[in-house]
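In what follows, a structure is listed as structure tokens, so that the remarks can point back to it.
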Amino acid sequence: MHVDLEGLGFERGGSLLVKRALRRAGPAGIVTVTGQAADLDVHLRAWCRAEGHEFHWRDDSGTGCAVVVRGSAFDERWSRAERAGSADPFEPEAVVEHPPQRWGLAGRGALVESGGPEFHFMLDRKVEVWSADAARIYAQAAAAQWDPATAIPWETQFDLPREVEDAVVQIMTYLIENETAALVVPSRFVAQMHPHFREVMQALAIQAADEARHVEVFTRRALLKNKYLGLSTAGGQASLQTLVEEADFATASFLLSVLGEGTFLSLLWFIERHAPDPVTAAVCRLAAQDEARHVAFGMAHLREHILADPSIRGTLMDAVRRRHEALRHTAGLNAEVFDALVLLAAGSWSPADIAKGYDAVSTLVEEMHNSRKKRLLKLHFNEAEAEEMSRLHTRNFM
Amino acid sequence: MSATPLLLGAVAYDPKVVTIWDGFQQYFEERGLRFDYILYTTYERQVEALFAGHIHVAWNSPLAWLQSQRLAGRLGRRAEAIAMRDTDRDLSSVIIIRENSSIHSVADLKGRRVAAGAKDSPQATLIPLYFLAQQGLEPHRDFEVAMFDRMLGKHGDHIGGERDAARALARGECDAACLLDSNLLLFTQEGVLPPGIRAIAKTPLYDHCNFTVLDNNMGDEVRRFRELLLGMAYSDPQVRRLLDLEGLKRWLPGRTQGYELLSSAVEHFRCLDSFVAAVAARCM
């Protein structure tokens with residue numbers, strides 16, 4: 001095989017052409033190299049030495065010609081490389097049960113050189129994290145991203161009575177801290193997820209990004225006509241702390257997505273329905289659409305996890321009971337938020353309307369319970385278990 | 001197996017030397033060879049330590065090899081080069097000039113200013129300056145030498161001096177510069193040298209480092225050490241990162257015919273005599 005570099009020197013990429021010829025020449029293949037660039041022989045000899053190729057100079061034609069014999073270093077470097085599964089998750093064996101830590105950050109389907117560093121991704125078992133729906137849910141989420149600057153009618157003029165505005169601010173304050181918990185939890189697990197489970201990692205990441213937007217729009221709505229946010233209670237934070245500090249992925253996902261965000265879906269649609277202004281309605285509607293995906297993802301991977309390992313149901317039940325015990329002495333949903341929800345649903349301070357509002361919130365709480373139960377039944381808990389777990393769910397909703 | 005580990009000396013010209021020898025130590029120990037290493041700040045210290053019996057193997061620069069060889073001759077001992085890197089064979093040095101320079105050949109360097117590396121660098125100073133002397137241009141007499149001494153005692157392993165020489169050429173402070181062949185490409189790619197720099201001459205080929213032992217000391221351990229070195233495969237991920245750091249693809253048996261050019265250079269410049277005499281006197 002012969003390469004004529006013409007005027008191309010090694011300082012401007014000549015090595016690319018020589019490498020290509022050596023690849024084509026095969027093991028121990030011979031490539032002759034000619035060219036007019038200054039010092040080609042100097043560079044080529046030094047390059048061959050560094051790359052492990054043999055270099056000879058032949059001067060029989062009078063003009064000089066380099067002869068390069070391909071060394072074995074390149075083939076040796078890749079001789080123990082491993083294919084890290086396959087990029088398409090639907091191909092057989094594409095996603096392995098227990099990807100080695102040495103695959104590290106390599107994309108699934110890449111050829112990974114041996115000798116790389118060992119990483120320490122704690123979530124490295126397919127059974128614990130994988131869902132065949134993750135790719136679809138991620139794609140749906142990516143397509144449904146909305147821009148907080150343009151998706152909300154921030155410029156719409158409205159004036160609410162002071163106490164109604166205060167009620168909205170209190171609800172937004174409550175939503176912000178709950179959505180912050182919902183941002184922190186998946187973010188923590190993204191960092192622990194073996195990148196082999198790319199679609200799960202992406203679904204969690206976009207979930208965190210969704211929550212970042214929710215925190216933004218709830219804050220912006222609260223401050224639309226006010227300087228300060230409302231009240232943050234010790235009981236509410238205690239409830240969220242048990243969520244944020246849950247170290248087990250399946251348990252955290254169950255508490256957050258299935259029970260917490262599932263409950264929040266009902267809440268957000270309730271606020272949207274009774275919102276006193278278009279901005280409040282819009283932020284809750286957009287957030288609820290995102291939350292529905294989060295719930296779907298939590299349900300999807302937990303359903304697969306429970307099918308593969310039914311014993312995990314006991315762990316999840318214990319977690320709900322443990323959390324209930326831990327929160328037994330806290331107040332649950334703060335009274336200010338409850339009252340604000342009643343006022344929103346009432347629409348006025350007349351006793352009859354307040355009674356209607358109170359009934360509406362009571363109905364909401366019952367709806368939340370029924371929805372939670374339905375989801376628990378879908379996760380193969382029986383009627384009694386579902387009833388008990390739903391009743392024990394935190395009174396703080398999330 | 002001896003209770004004493006095989007002790008190797010290496011010169012700490014870069015922090016990576018610790019990573020390299022820690023890695024090799026583990027490799028040797030896992031294969032039953034008790035091994036340890038001692039780092040020296042200069043090759044002169046290391047050569048003296050080899051003759052004092054503080055170490056059994058010295059990872060020597062070509063100049064340190066000649067120092068050892070001459071000392072061995074003086075003291076009636078036998079120095080042997082047992083192994084070297086594939087990249088230690090067939091190096092050359094180049095004399096480079098700027099684009100549009102009025103210098104077209106070595107003869108045009110007469111009366112000019114030529115940049116060189118550290119004064120104990122075989123590749124950036126001793127060999128190219130000797131080469132010019134062979135062409136009829138005696139350094140310091142027929143042309144001025146701008147020496148860029150960096151870390152004397154490291155024998156040019158720290159290429160800072162060579163890089164400074166290249167910079168001096170690029171800035172127009174010198175008319176030519178002496179470099180190792182592979183550093184011409186490296187410095188061009190780093191942007192230290194502007195495009196258009198070219199070589200007006202290249203030296204004959206020569207060899208670089210080797211593992212030096214004396215008098216077949218610790219014969220069994222040295223044989224095992226050499227056997228393990230030569231058996232290292234680039235396909236083995238455990239050693240590949242170390243080989244990459246040390247700049248080789250495989251270890252080869254030592255050979256000494258590649259040191260003749262440097263040997264002539266040090267004779268010409270008489271740069272080993274005082275060191276060899278002083279150490280020999282201390283060893284007698």
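Read the figures in this text as sums done on the coordinates, not as results from a lab. Just so you know, these numbers come straight off a predicted model, no measurement behind them. Using ideal geometry, Cβ is built from the backbone for each residue, glycine included, and neighbour counts are taken over all protein chains shown.
Straight-line cross-link reach from B:K154 at under 19 Å between alpha-carbon atoms covers these lysines, not counting any fewer than eight positions away in the same chain: B:K16, B:K119. Highest mean packing comes first when the peptides B:122-135, A:149-162, B:94-107 are listed by Cβ atoms within 10 Å, giving B:122-135, B:94-107, A:149-162. For chain B, take the longest principal axis of its alpha carbons; what is the angle in degrees between that and the long axis of helix B:160-170, to the nearest 10 within 0 to 90? Its long axis makes an angle of about 10 degrees.
To the nearest 500 deg cm²/dmol, what mean residue ellipticity at 222 nm is calculated for chain B from DSSP H runs of n ≥ 4 alone, each contributing -39,500 (n - 2.57), summed and divided by the residues?
On the way: 10 runs with 112 residues, N = 284.
Helices in chain B give a 222 nm mean residue ellipticity of -12000 deg cm²/dmol.
Where a ≥ b ≥ c are the square roots of the eigenvalues of the C-alpha gyration tensor, would you call the range B:89-173 rounded, which needs a/c under 1.5, or, failing that, prolate if a/b is larger than b/c, or oblate?
Details: a/c = 1.67, a/b = 1.34, b/c = 1.24.
Here the range B:89-173 falls in the prolate category.
Stick to the Cα atoms of the range A:114-233, pair each with every other, and give me the Kirkwood hydrodynamic radius in Å at one decimal. Don't skip to the end; give the middle numbers.
On the way: mean 1/r = 0.0595 Å⁻¹.
Every distinct Cα pair counted, the radius reaches 16.8 Å.
Per-residue mean of foreign Cβ neighbours for A:42-53 is 6 (Cβ atoms of other chains, 10 Å radius).
I'd like the distance separating the alpha-carbon centroids of the range A:156-199 and the range B:119-176, in whole Å. Computed from Cα coordinates, the inter-centre distance equals 67 Å.
Calculate the dipole size of the range A:81-120 relative to its Cα centre from +1 charges on Lys and Arg beta carbons and -1 charges on Asp and Glu beta carbons; express the result in debye to the nearest 20.
Numbers: 3 positive and 7 negative charges, 23 e Å.
So the magnitude is around 120 debye.
With everything on Cα atoms, drop me the angle between helix B:62-75 and the longest principal axis of chain B, reported from 0 to 90° to the nearest 10. Between the helix axis and the principal axis of chain B, the angle is about 60 degrees.
Does anyone have the angle between helix B:260-269 and the longest principal axis of chain B? Alpha-carbon axes, 0 to 90°, nearest 10? The angle comes out at about 60 degrees. Size descriptors for the protein assembly as shown, from the alpha-carbon set: Rg then Dmax equal 37.2, 116 Å. In terms of overall dimensions, the C-alpha atoms belonging to the range A:29-134 reach 69, 26, 22 Å along their principal axes, ordered largest to smallest.
Rank-order A:225-237, A:371-383, A:125-137, A:255-267 by packing density, defined as the average count of other C-beta atoms within 10 Å over each peptide's residues, highest first. Don't skip to the answer; put the middle values down first.
On the way: A:225-237: 14.8, A:371-383: 17.1, A:125-137: 19.0, A:255-267: 25.4.
Those peptides, ordered most packed to least, come out A:255-267, A:125-137, A:371-383, A:225-237.
Using only Cα atoms, locate the centre of the range B:224-284 and the centre of the range A:276-310, then give the distance between them in Å, rounded to an integer. Using only Cα atoms, the two centres lie 67 Å from each other. Apply the a/c threshold of 1.5 to the C-alpha gyration tensor of the range A:207-326 and tell me whether it is rounded, prolate or oblate. Prolate, since a/c reaches 1.5 and a/b exceeds b/c. Counting, for every residue in B:91-100, the Cβ atoms of other protein chains within 10 Å of its Cβ and taking the mean gives 2. Taking the DSSP bridge list for the range B:93-202 and keeping only pairs wholly inside it, about 55 percent are antiparallel.
Seen through its C-alpha gyration tensor, with square-root eigenvalues sorted a ≥ b ≥ c, the range A:226-293 comes out oblate because a/c lies at 1.5 or above while a/b is not bigger than b/c.
Could you work out the local net charge near B:A3, counting Lys and Arg as +1, Asp and Glu as -1, over the other residues with Cβ closer than 12 Å to its Cβ? Working shown, then result.
Values: positive: B:R34; negative: B:E221.
Summing Lys/Arg as +1 and Asp/Glu as -1 gives 0.
Beta-bridge orientation, the protein assembly as shown: approximately 60 percent antiparallel, per DSSP, counting only bridges with both partners inside. Annotation: for a label point projected 7 angstrom from Cα along Cα→Cβ of A:V184, residues of the range A:211-235 with backbone N closer than 17 Å are A:211-216, A:232-235.
Counted by Cβ distance under 10 Å from A:L259, the other residues give a net charge of +2, where Lys and Arg count +1 and Asp and Glu count -1.
Each semi-axis of the equivalent ellipsoid for the range A:2-74 is √(5λ) with λ an eigenvalue of the Cα gyration tensor; in descending order they amount to 18, 13, 11 Å.
So, counting K/R as plus one and D/E as minus one, what does the shell of residues with Cβ under 10 Å around B:G254 add up to?
Details: positive: B:R226, B:R255; negative: B:E80, B:D88, B:D207.
Spelling it out: positives minus negatives among the neighbours equals -1.
Taking the inverse of the mean reciprocal distance over all distinct Cα pairs, the Kirkwood hydrodynamic radius of chain A comes to 25.1 Å. Per residue of B:239-249, other chain Cβ atoms within 10 Å of the residue Cβ number 3 on average.
Of all aspartates and glutamates in the structure, those lying under 14 Å Cα to Cα from B:K202, and not within fewer than 8 positions of it along the same chain, are A:D39, A:D41, B:D90, B:D181.
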